[in-house]
Amino acid sequence: MLRYLPFLLVLALWIYAFVDCLNTPEEDVRGMPKLAWVFVILLFGEVLVGPIAWLIAGRARREPAGAQGAQGRWIAPDDNPEFLKSLNKDDPKPDPKTEQ
């Protein structure tokens, strides 16, 4: 079983790079047109040149999931003052604390 491991790893990388290339939007592809990258991955996949070239040079770098800017940062609803203000706008009855 262990002798099949290198073949399975090459096959997995080949399939991953191919599917990733197909799912990447055209404007995020670097270096060559998307169709050319598909051919490079398919033709040079067995020797790992095509998939590794795609992963290094073909696709745009992605930011990690937690590395968003301060503007796009998610805030819990109870800590978000804009959300709390919107709750008061939707409330039809007056707040007794504000009328005193």
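Coordinate-derived values only; no laboratory data. Bear in mind the structure is a predicted one, so any value in this text is a computation, not a measurement. So basically every Cβ, Gly included, is an ideal-geometry build from the backbone, and we count neighbours across all protein chains shown.
What the table shows:
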item	result
Amide proton proximity set for GLY45, modelled H, under 5 Å, gap of 5+	GLY50
Residues whose placed amide H lies under 5 Å from that of ARG59, excluding near-sequence neighbours	ARG30
FRET efficiency estimate (nearest 0.05) - Cβ-Cβ, ILE75 to LEU43, R0 41 angstrom	0.30
Cα-projected label distance for ILE56 with ILE15, points at 7 Å along beta-carbon direction, nm	2.5
Gain on full stretching of the segment that runs from MET1 to ALA36 - 0.36 nm per residue minus C-alpha separation	9.1 nm
